[in-house]
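Trainee: There's a structure below that I have some questions on.
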Amino acid sequence: MAGSFHTGQPNEGKALTEKISGRQIEIAWPDLGITVTAELDGRNAELADALWDALPYQSLQGHALVAGEHLYHAAPIPSLLHLAADTRIADRREAPNGTVFCSGLQHLGIKYGTLTEPMPATPVGRIRQEDIPALLEAGQAIWDSVYSTKKPILVEVRRAGAEGGHRIPKLVAADPEASRLIDDVHAATEKAWLAEPQELADLHAGLIRSGAGSFETVLPTLLFVNGETRPLGYATYGGLVRGAVQGMPMDSLRHMTRLLVGVPAEFLGYCGLEQLWGFTQRFLNRLDQLDREDFLSVAGQLALYINCLGGWNLHLYPWEAGDHLRQLRPDEPVLQP
């Protein structure tokens with residue numbers, strides 16, 4: 001089935017490792033004129049295989065905002081939400097520069113310098129050493145794009161030596177209403193993946209039909225939208241997909257879905273993301289009719305859409321508004337107003 005989830009089997013690991021080791025991918029930023037090559041080195045074979053099978057694709061390139069010198073982007077690979085890792089770095093700060101990761105947050109990430117956030121990570125490969133200077137150049141330009149200029153930089157990930165391209169996978173459902181919902185979510189994702197969604201563009205321009213924003217302010221609304229969208233995609237929908245793959249009873253899945261998705265989606269609809277709220281209502285209204293496979297497909301398609309919105313939120317947010325705030329060293333006194 002096109003775009004269907006792949007759960008894998010434990011005894012596939014050795015064969016996948018042998019197949020993947022030595023594969024090379026190119027990560028290109030055409031607007032910057034920079035391309036780097038990475039080798040998939042056999043670590044986390046199932047994740048690397050899912051990445052390889054999804055190539056080529058394009059995405060909005062992002063940059064870490066609190067973790068340091070790290071690049072990441074939303075990858076159009078539904079199975080990243082749930083595939084298990086067999087190799088985990090306990091603290092990604094210790095990974096060599098140029099390490100490439102696939103994440104359960106549906107990200108492809110690259111460490112290019114110093115990181116501050118101590119978190120585990122799942123590596124799949126490494127940028128070749130001769131490309132590290134170009135990677136550093138790309139990292140600085142992408143930071144400037146996200147933090148200040150707001151000019152989007154797109155990334156293309158492809159098999160080395162192969163042509164580029166792009167597609168958004170579409171999952172499948174047997175239930176007719178679920179299938180129509182997937183079609184609509186897929187179309188919305190395709191439209192928003194490489195160009196800023198109109199609802200978010202309006203919101204960041206201060207066009208908020210509901211009037212959300214006390215005393216006509218905009219920045220607090222942008223902050224709250226960002227704060228609700230990211231966990232809705234990363235934690236809620238990612239968690240529901242993992243729960244379904246791992247065998248959580250359907251009654252429990254339906255109950256958790258009703259507990260977790262309605263309130264944030266309704267709030268985001270009030271703030272301007274009306275399409276997301278509409279999709280959510282259709283999902284909730286059909287929930288009792290969905291079997292496990294159809295539930296997985298709808299939740300997986302919505303996760304990709306919401307993670308796309310989250311990426312654009314992070315790009316569009318006016319981070320420079322706080323440029324006057326800089327961290328103090330531990331020995332610096334706090335100046336009182």
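Trainee: Looking at this structure, is residue 50 at pLDDT 95 or above and within 30 Å of residue 149 (Cβ to Cβ)? Before you say what the answer is, go through the steps one by one.
Mentor: Working: at pLDDT 95 or above: yes; within 30 Å of residue 149 (Cβ to Cβ): no.
Judged against the criteria, residue 50 is not a match.
Trainee: Please identify the pairs in which a residue from the range 26-43 that is assigned to a helix (DSSP H, G or I) has its Cβ atom under 7 Å from the Cβ atom of a residue that is open to solvent by less than 10 Å² (accessible area, probe 1.4 Å) and not hydroxyl-bearing (Ser, Thr, Tyr), counting only partners at least 6 apart or on another chain.
Mentor: Between residues of the range 26-43 that are assigned to a helix (DSSP H, G or I) and residues that are open to solvent by less than 10 Å² (accessible area, probe 1.4 Å) and not hydroxyl-bearing (Ser, Thr, Tyr), the close pairs are 32/138.
Yes/no per residue for (1) more than 17 Å from residue 159 (Cβ to Cβ); (2) in contact with a His (Cβ under 6 Å, 6 or more places away or on another chain); (3) among the β-branched types (Val, Ile, Thr):
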{"position": "34", "(1), (2), (3)": "yes, no, yes"}
{"position": "49", "(1), (2), (3)": "no, no, no"}
{"position": "58", "(1), (2), (3)": "no, yes, no"}
{"position": "65", "(1), (2), (3)": "yes, no, no"}
{"position": "72", "(1), (2), (3)": "yes, yes, no"}
{"position": "83", "(1), (2), (3)": "yes, no, no"}
{"position": "87", "(1), (2), (3)": "yes, no, yes"}
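Trainee: When the range 298-320 is examined, which residues are found to be farther than 18 Å from residue 199 by Cβ and open to solvent by 10 Å² or more (accessible area, probe 1.4 Å)?
Mentor: Scanning the range 298-320 gives 319, 320.
Trainee: For residue 89, state whether it is crowded, with 18+ Cβ neighbours inside 10 Å and more than 18 Å from residue 24 (Cβ to Cβ). So that I can check it myself, show each step before the final result.
Mentor: On the way: crowded, with 18+ Cβ neighbours inside 10 Å: yes; more than 18 Å from residue 24 (Cβ to Cβ): yes.
Yes; evaluated as a whole, the condition is true for this residue.
Trainee: Could you say which residue among 59, 79 is at pLDDT 95 or above, in a strand (DSSP E or B), buried (at least 18 other Cβ atoms within 10 Å of the Cβ) and of a type in the set (S, T, N, Q)?
Mentor: On the way: 79 fails: in a strand (DSSP E or B).
None of the others qualify; the one that does is 59.
Trainee: Taking the range 93-118 as the search range and keeping residues that are open to solvent by less than 60 Å² (accessible area, probe 1.4 Å) and assigned to a loop (DSSP other than H, G, I, E, B), which one is nearest to residue 69 (Cα to Cα)?
Mentor: Quick first cut of the range 93-118, residues open to solvent by less than 60 Å² (accessible area, probe 1.4 Å) only: 95-96, 98-104, 106-113, 115.
If we keep only those that are assigned to a loop (DSSP other than H, G, I, E, B) too, we end up with 95-96, 98, 104, 106.
Details: 95: 12, 96: 12, 98: 11, 104: 20, 106: 19 Å.
If we take residues in the range 93-118 being open to solvent by less than 60 Å² (accessible area, probe 1.4 Å) and assigned to a loop (DSSP other than H, G, I, E, B), then 98 is nearest to residue 69 (Cα to Cα).
Trainee: Look through 130, 94, 117, 137 and report the one residue that is under 26 Å from residue 304 (Cβ atoms) and acidic (Asp, Glu). Give the derivation first.
Mentor: Values: 130 fails: under 26 Å from residue 304 (Cβ atoms); 94 fails: under 26 Å from residue 304 (Cβ atoms); 137 fails: under 26 Å from residue 304 (Cβ atoms).
Answer to the check: 117.
Trainee: Moving on. Pull out all pairs, ordered by first then second residue, where Cβ-Cβ is under 7 Å, the residues are six or more apart or on different chains, the first lies in the range 152-179 and is touching a residue at least 60 places away in the same chain (Cβ under 8 Å), and the second is surrounded by 15 or more Cβ atoms within 10 Å (Cβ to Cβ) and of a type in the set (Phe, Trp, Tyr).
Mentor: 153/29; 155/29; 157/57; 166/57; 167/57; 168/193
Trainee: Sticking with this structure for a sec: If you go through the range 263-284 one residue at a time, do you hit one that is among the hydroxyl-bearing types (Ser, Thr, Tyr), in a helix (DSSP H, G or I) and either open to solvent by 30 Å² or more (accessible area, probe 1.4 Å) or touching a Gly at 6+ places or on another chain (Cβ under 6 Å) (or both)?
Mentor: Initial filter on the range 263-284 (among the hydroxyl-bearing types (Ser, Thr, Tyr)): 270, 280.
Right, trim to in a helix (DSSP H, G or I) and you get 270, 280.
Those left that are additionally either open to solvent by 30 Å² or more (accessible area, probe 1.4 Å) or touching a Gly at 6+ places or on another chain (Cβ under 6 Å) (or both): 270.
Scanning the range 263-284, I find at least one residue that is among the hydroxyl-bearing types (Ser, Thr, Tyr), in a helix (DSSP H, G or I) and either open to solvent by 30 Å² or more (accessible area, probe 1.4 Å) or touching a Gly at 6+ places or on another chain (Cβ under 6 Å) (or both), so the answer is yes.
The values are calculated or read from the model by the stated rules, or taken from the named source; none is laboratory data. Fair warning: this is a prediction, and the values are worked out from it, not measured in the lab. Using ideal geometry, Cβ is built from the backbone for each residue, glycine included, and neighbour counts are taken over all protein chains shown. Just the protein is used for accessible areas: all its heavy atoms, side chains included, with ligands, DNA and RNA removed. Shrake-Rupley method; radii C 1.70, N 1.55, O 1.52, S 1.80 Å.
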